[in-house]
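Notes to accompany the following structure.
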Amino acid sequence: MHQVIISEFGTLDGVVEDPDGSGGGAGGAWAFRFGPEAIAGDVFRLGPLLETGTLLLGRRTWELFSQLWPTRTDPFSLAMNRIEKVVVSRGTPDLSGWDRSTLLAGDLLEEVPRLRDRADVLVLGSIGVAQSLVAHDLVDEYRLLTFPTLAGTGRRLFEPDRRPAELTLGSAEQIGETVLTTHRRQR
């Protein structure tokens, strides 16, 4: 059985919004305060999943990533360029700027189980997409890279009115100043 895996950079107080400052918010760029190596490469330990999975991205995240990855040639970038990318958008964006990118056909909540039937579905960033999947119990695993900072304000992955869910700890690993935790949904 394939999984839906959400990977997010976050702060100790749960903010996942604007880790790189591309959103232009006053509290953004908190991840870069720890140096570029804090977010470089396969920090979410996705490894082989990048070869066999499907990357599910919101339009804004896709636009940001499509400016970063296509011209890079390190092993992680090459994997990001090879993976199938499915973009969630209300409009019809031009997806020609990044190979293997297609627009999600249909409703997100109906299509994700179909995508999961054929491959692991990886969500990187894309807060709106992630929040929708969380709200509808479609997430099997969370990979959270937590930075030792308090943002105070900003969007969080888990909204305050979220109903309780039981998770199990899969792993915890210190990576520089950050901690990568993996949590799996109990089904």
| note | Its Cα gyration tensor gives region 39-146 an equivalent ellipsoid whose semi-axes in whole Å, largest first, are 20, 17, 13
| Mean-position separation - Cα centroids, region 165-187 and region 57-111, in angstrom | 26 Å
| Restricting region 45-99 to trypsin sites (Lys or Arg not before Pro) in coil, as DSSP defines it, with at most 15 other Cβ within 10 Å | 45, 72, 90
| message | Mean Kyte-Doolittle hydropathy of -1.0 or higher plus an axial Cα length of 15 Å or more: which whole DSSP H helices in the chain meet both? | response | 108-118
| note | With x for Gly and Pro, the residue-by-residue ³J(HN,Hα) of region 27-40, computed from phi through the Karplus equation 6.51 cos²θ - 1.76 cosθ + 1.60 at θ = phi - 60° and given in whole Hz, is x, x, 6, 5, 5, 6, 5, 9, x, x, 5, 5, 10, 7
| Considering amide H positions built from the backbone, and no H for Pro or chain starts, which residues 5 or more places from residue 21, or on another chain, come under 5 Å of its amide H? | 29, 30
| remark: Within region 1-26, the residues whose backbone N lies under 20 Å from a label point placed 7 Å from the Cα of residue 77 along the Cα-to-Cβ direction are 20-22
| note | The answer for residue 103, listing residues at least 5 apart or on another chain whose modeled amide H is closer than 5 Å to its amide H, is 87
| request: Largest first and to the nearest Å, give the Cα extent of region 101-171 along each principal axis. | output: 38, 25, 24
| request: Give me the accessible area per residue for the chain, probe 1.4 Å, as a whole number in Å². | output: 52 Å²
| request: For residue 120, list long-range residues whose amide hydrogen, built 1.01 Å from N in the peptide plane, is under 5 Å from its own amide hydrogen. | output: 3, 54
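The values are calculated or read from the model by the stated rules, or taken from the named source; none is laboratory data. A quick note: this is a predicted structure, and the numbers were derived from the prediction, not measured. Heads up, the Cβs are rebuilt from the backbone with ideal geometry, glycines too, and the neighbour counts pull from every protein chain shown. Ligands, DNA and RNA are excluded from the accessible area calculation, which covers all protein heavy atoms including side chains. Shrake-Rupley method; radii C 1.70, N 1.55, O 1.52, S 1.80 Å.
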